[in-house]
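To start, the structure itself, in structure tokens.
The values are calculated or read from the model by the stated rules, or taken from the named source; none is laboratory data. Predicted model only: the values in this text are computed from it and were never measured. Cβ placement follows ideal geometry from the backbone for every residue including glycine, while neighbour counts extend to all protein chains displayed.
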């Protein structure tokens, strides 16, 4: 069961001690500094994933995105994930939050959330768009810093 945590009650050290994956819905200079100082690898997946998927059919893509993403990440290292919007492409049929939970089994993971958030849910895109998704925080083993 996930948890939403108000960022005002967290120090940067306490934020890093949260269970992985950590979904950061706020930007704070002290959080950024702690992430950098604690050896997190800043990882972008948009371009490398797009290159890896070139020439594949939609069927091949939907079955290969997760293993490709896991292969793109540094093994056993702490990861700060940014620039991952390609994962929300509706053709891939991914549960992106489930993918983040899977990644966190191999890497300590912090995600710089690129969508909206409330006390109980995360959203990506706007209702009515093909890539719109809404995730209930309690449905996933995540620590969501709002």
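What the table shows:
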{"read-out": "Positions within the stretch 16-36 being free of Cβ contacts under 8 Å to residues at least 12 places away in the same chain and part of a helix (DSSP H, G or I), in sequence order", "value": "29, 32, 36"}
{"read-out": "Only listed residue being at positive phi and surrounded by 14 or more Cβ atoms within 10 Å (Cβ to Cβ), chosen from 125, 78, 52, 34", "value": "125"}
{"read-out": "Some residue of the stretch 36-51 being at pLDDT below 95 and under 20 Å from residue 15 (Cβ atoms)", "value": "no"}
{"read-out": "Leading residue by the ranking (nearest to residue 99 (Cα to Cα)) among those in the stretch 40-68 that are in contact with a helix residue (DSSP H, G or I) (Cβ under 8 Å, 6 or more places away or on another chain) and in a loop (DSSP other than H, G, I, E, B)", "value": "45"}
{"read-out": "Single residue of the stretch 69-83 satisfying the filter (touching a residue at least 24 places away in the same chain (Cβ under 8 Å) and part of a helix (DSSP H, G or I)) that is nearest to residue 130 (Cα to Cα)", "value": "69"}
{"read-out": "Residue list for the stretch 124-134, filter: more than 12 Å from the chain's Cα centre (by Cα) and in a strand (DSSP E or B)", "value": "133, 134"}
{"read-out": "Hits in the stretch 6-15 (condition: touching a helix residue (DSSP H, G or I) at 6+ places or on another chain (Cβ under 9 Å) and not in a helix (DSSP H, G or I))", "value": "10, 11"}
{"read-out": "Qualifying position, being over 20 Å from residue 12 (Cα atoms), out of contact with any strand residue (DSSP E or B) (no Cβ under 7 Å at 6 or more places or on another chain) and surrounded by fewer than 16 Cβ atoms within 10 Å (Cβ to Cβ), among 86, 70, 61", "value": "70"}
{"read-out": "Residue, farthest from residue 60 (Cα to Cα), within the stretch 97-120, restricted to residues that are surrounded by 18 or more Cβ atoms within 10 Å (Cβ to Cβ) and without any contact (Cβ under 8 Å) to a residue 40 or more places away in the chain", "value": "115"}
{"read-out": "Residue 29 being exposed (fewer than 11 other Cβ atoms within 10 Å of the Cβ), closer than 15 Å to residue 112 by Cα and modelled with pLDDT of 95 or more", "value": "yes"}
{"read-out": "Hey, residue 39 touching a residue at least 24 places away in the same chain (Cβ under 8 Å) and farther than 23 Å from residue 141 by Cα or not", "value": "yes"}
{"read-out": "Members of the stretch 135-146 that are over 13 Å from the mean Cα position of the chain (by Cα) and assigned to a strand (DSSP E or B)", "value": "136"}
{"read-out": "Residue check for residue 86: under 29 Å from residue 54 (Cβ atoms), outside any strand (DSSP E or B), touching a helix residue (DSSP H, G or I) at 6+ places or on another chain (Cβ under 7 Å) and free of Cβ contacts under 8 Å to residues at least 24 places away in the same chain", "value": "no"}
